[in-house]
1. Rounded to the nearest 0.05, what FRET efficiency do Glu229 and Gln17 have when you use their Cβ-Cβ distance and R0 = 30 Å?
2. Compute the relative contact order of region 62-170 as a whole-number percentage, counting only Cα pairs closer than 8 Å that sit 6 or more residues apart in sequence.
3. Could you please put Tyr87, Tyr113 in sequence from largest to smallest accessible area, using a 1.4 Å probe?
4. Given Ile53, Ile78, Tyr89, which one lies farthest toward the positive end of the charge dipole of region 33-108, if we put +1 on the Cβ of every Lys and Arg and -1 on the Cβ of every Asp and Glu?
5. For Glu303 and Glu258, compute 0.36 nm times the residue count separating them, minus their Cα-Cα distance, and round to one decimal in nm.
6. Helix 284-297: angle to the longest alpha-carbon principal axis of the chain, degrees 0 to 90, nearest 10?
7. Whole-Hz Karplus ³J(HN,Hα) for region 195-202, in order, using 6.51 cos²θ - 1.76 cosθ + 1.60 and θ = phi - 60°, x for Gly and Pro?
8. Just the accessible area for Val244, please: 1.4 Å probe, Å², rounded to the nearest 10?
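The values are calculated or read from the model by the stated rules, or taken from the named source; none is laboratory data. Keep in mind that what you see is a predicted model, and the values were worked out from it rather than measured. Virtual Cβ from ideal backbone geometry, glycine too; neighbours counted across all protein chains shown. We work out accessible area using only protein heavy atoms, side chains counted, and drop any ligands, DNA or RNA first. Shrake-Rupley method; radii C 1.70, N 1.55, O 1.52, S 1.80 Å.
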Amino acid sequence: MISEKNAGIMDLVEKFQSRIDSGEFIEPKDEMPDAYRQHLIRQISQHAHSEVIGMQPESNWITRAPSLRAKQILLAKIQDEGGHGLYLYSAAETLGISREEMISQLHSGKAKYSSIFNYPALTWADIGAIGWLVDGAAIVNQVSLQRTSYGPYSRAMVRICKEESFHQRQGYEIMAHMMAGTKDQQEMAQDAMNRWWWPSLMMFGPHDSDSPRTHNAMKWRIKRESNDELRQRFIDKTVQQAEVIGLKIPDNNLKLNESTGHYSIGEINWAEFQNVINGNGPCNVQRMQHHVKIHEDGAWVREAAEAYKRKRMKEQNTYSA
Ligand code: FAQ
């Protein structure tokens, strides 16, 4: 026999699902199943961490940008990524987790961040490849997330997508310039392409058949399209962009299927993906050590901000008394 309490919970879950099915947004003060809340906290906080950790490979090139124009653009882009992290941390906070807790989950290894940021940016062409391929992959995913079911996440995505499309173009512009340059520059651009192509495809996550989170994510309309659908969209767009500037996709099995209009690709190295998300990629240790150090160095800023907040609240209480 179902107890009265359990019947009440089932009723709530059904009502919640029918709101999702009818396309309503869920807002912070609405009732929601705990599993939905936890799923979102995990995904949004990991997304936020990715934006912030993603600043590291690019900031490596600020002092070595080849012109003042290039430096200004790169600085603005990196600053945007930090801003994206802040919108996303704020969206996650509306679900009842504190920023401190999210950062501690990142530092303890409980929370992941995107695999892609564990690869090094070795040359200036890598800055082009990151903007074009990494931001390009991020946009494909994030455009879809603009229609995610949680209101604050969806609204953060709308704003983020506007900025990411500029980032993608700045990366493509760097690659196009290099491909129109000397033989050395062309080789440098192709080398960056060779190193970033496969890791960019891994950003979309495992194949749908091996993705344990997809079922619930689709049921709750957190994800609107699956990992493989989004990866395919990115491949189809990017292969054509590469052709326009003369870059070769580093995949001998790449083939256009004339009947579907989609490109098929060779096998993604999933052992490499697992290795990277388990902390053993080329830069995992470096990325985390840097984040921990900067976080510790910034403790005084957080303390000062807290002290100022307390002072303002005390003043407001005095005036209103
Ligand atoms: N890296 O069952 P699924 C950017 C994990 S933003 C690391 O398929 P889900 C902007 C996954 O967490 C880039 N881990 O999981 C920028 C799960 O582990 P868990 C970030 C990955 O959540 C550009 C397990 O594998 N974007 O780049 C990855 O349904 C330039 C099983 O996977 C987002 O985060 C991966 N690539 O699908 C910034 C978008 N893939 O948590 C600076 C939002 C999978 O159970 C410079 N997130 N895993 O322990 C999503 O759309 C989804 O979370 C996916 C994964 C698609 C990433």
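1. For Glu229 and Gln17, the calculated efficiency is 0.85.
2. Relative contact order here is 29 percent.
3. So, going from the largest accessible area down, we get Tyr87, Tyr113.
4. Of Ile53, Ile78, Tyr89, it is Ile78.
5. Gain on extension, Glu303 to Glu258, equals 10.1 nm.
6. In the chain, helix 284-297 runs at an angle near 50 degrees to the longest axis.
7. So the J values, rounded to whole Hz, are 7, 9, 4, 5, x, 5, 5, 6.
8. 120 Å²
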